[in-house]
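The structure under discussion appears below in the form of structure tokens.
Nothing in this text is a laboratory measurement; each read-out follows from the coordinates by a stated rule. All of these numbers come straight from a predicted model, not from anything done at the bench. Positions of Cβ are backbone-derived with ideal geometry, glycine not excepted, and every protein chain shown enters the neighbour counts.
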Amino acid sequence: MARDQNDPTPIEDRRELISWFEAGSKGQGEFRVGTEHEKIPFRPDTLTPVAYDGADGIGALLDHLQARTGWEPILDGEAIIGLVDPVGGGAISLEPGGQFELSGAPVANIHESAAELRTHLAHCHEIGKLLNIGFAGIGMSPLWSRAETPVMPKKRYRIMANYMPKVGTMGLDMMFRTATVQANLDYADEADMVRKMRVSLALQPIATALFANSPFTDGKPNGFVSMRSQIWLNTDKDRTGMLDFAFEPGFSFESYVDWALDVPLYFVKRGDVYHDVAGASFRDLLAGQLAALPGERATLSDWANHLSTLFPEVRLKRYLEMRGSDVGSEAMINALPALWVGIFYDGASLSAAERLIAGWTAHERQTLRREVPRTGLKTMFRGHSLNDFARDMITIARDGLRRRAQRDAEGRDETRYLEPLETIVLDGRCPADHWLVDYERAWNGSVRPAFEATRLA
């Protein structure tokens, strides 16, 4: 999330939380797509991490980007921690270990998303040359230990970092060492949300396998193709996972509200102050009975901020967030929204995806989620390799994009953004599989070449 909210409107009762989601509903013609990606800054000459402070640090990078783009600064105290475009709605933010994130504006098609990404990477490249900063498009920092990873000056991250070891074994690795790409898509109404939530949750492990790109940790292979995905399995079971309840009869906005209310809070923000209430109940805040803040009542910003601290494989806000994929190359970043737009924004494709997942049990979905981080597209499922299901998923998306017929200035439709995924299923190997071969052969058992090999800017 680019910045925390400060809407002081009080919430009077639980029904308003349901209405908050309902207000996200859009007409088919209003559907948009937003693409978010994180990348890992590094020093090209030394392959060391980039600290926040200093004339060539992350703070300076943000200052230069502000001067170049004219975007408004986001501050945490006196520290600049991000930028926001007051016109288009895009934003730049920092993850805990310095991962540099672009949260793209909601745009009409993948052509616009790809152009936005190209502009952003061009800015990063030019400023990076000046400051000696490169950016790796890989799902986990391949070389540095967590102790070597810098810490960004964001107050909410201090609260999270203190809480994570209490609820999981790898939450700090998630915070400081992983990088993802995410696609955000709209729903028409509650029924449409339910269909899309179920389809995307079931298919999320396939996306994880296609985009798997985090095979190295601490300078060596870690035994997984997506260590980032494995880390999420060991982060915080209260706020992560496959949301089995979404497949139960009667799933609704209200169902998600009830789940979210039972996920413990991290913080309550009042003005610029983050109050550490980690482990407390949002229900108590809603009732004005939060022990740490007597008399305080929940506001709309409390709700929006709390939702941003929930991390299921698909997250519901006033849109749906596809959260299962490692970041990769520029082409792969563009491929993720293309994959989901092709499935979600064409009625025939959404129906075809529902048929693809029909009959999958909760046990099967959970087993797939557990196995994919290690075996990727080679995972066996219902008598076939997952690569076969990935091929079907891509075909469904291609058909949907073709029917959408959203063309660029050269007359090309959005199907071209699926080409890297089609190459993957033709070969049966995800990006991590290729890096592991390079590690053994061309890289002579070193992960250091991974920085340049995955460099985005």
Ignoring trypsin sites (Lys or Arg not before Pro) that are buried or in helix or strand per DSSP, and keeping those with at most 10 other beta carbon atoms within 10 Å, what is the longest stretch of the chain between them?
1-236
Given 20 °C, 1.002 mPa s and a Kirkwood radius over Cα pairs, the Stokes-Einstein diffusion coefficient of the chain in µm²/s is 96 µm²/s
Please compute the net charge surrounding PRO420, taking Lys and Arg as +1 and Asp and Glu as -1 over other residues with Cβ under 15 Å from its Cβ.
-3
Of SER93, MET152, SER226, which is farthest along the charge dipole of the chain in the positive direction, counting Lys and Arg as +1 and Asp and Glu as -1 at C-beta?
SER226
So how strong a dipole does the stretch 15-453 carry about its Cα centre when Lys and Arg Cβ are +1 and Asp and Glu Cβ are -1, to the nearest 20 debye?
660 debye
Could you tell me the calculated FRET efficiency between ALA147 and LEU426, based on Cβ-Cβ distance and R0 = 35 angstrom, to the nearest 0.05?
0.25
Which residues in the stretch 120-149 have a backbone N closer than 14 Å to a point placed 7 Å from the Cα of ALA51 along the Cα-to-Cβ line?
148-149
Cut-off under 5 Å, modelled amide H: who pairs with SER252 long-range
none
Mind counting lysine pairs for me in the stretch 15-453? Cα separation below 22 Å, and the two need to be 8 or more apart along the chain or on different chains.
16
Counting only DSSP beta bridges with both residues in the chain, what percent are antiparallel, rounded to the nearest 5?
95 percent
At 0.36 nm per residue, minus the direct Cα-Cα distance, what do ASP63 and ASP388 gain on full extension? Give it in nm, one decimal, please.
112.3 nm
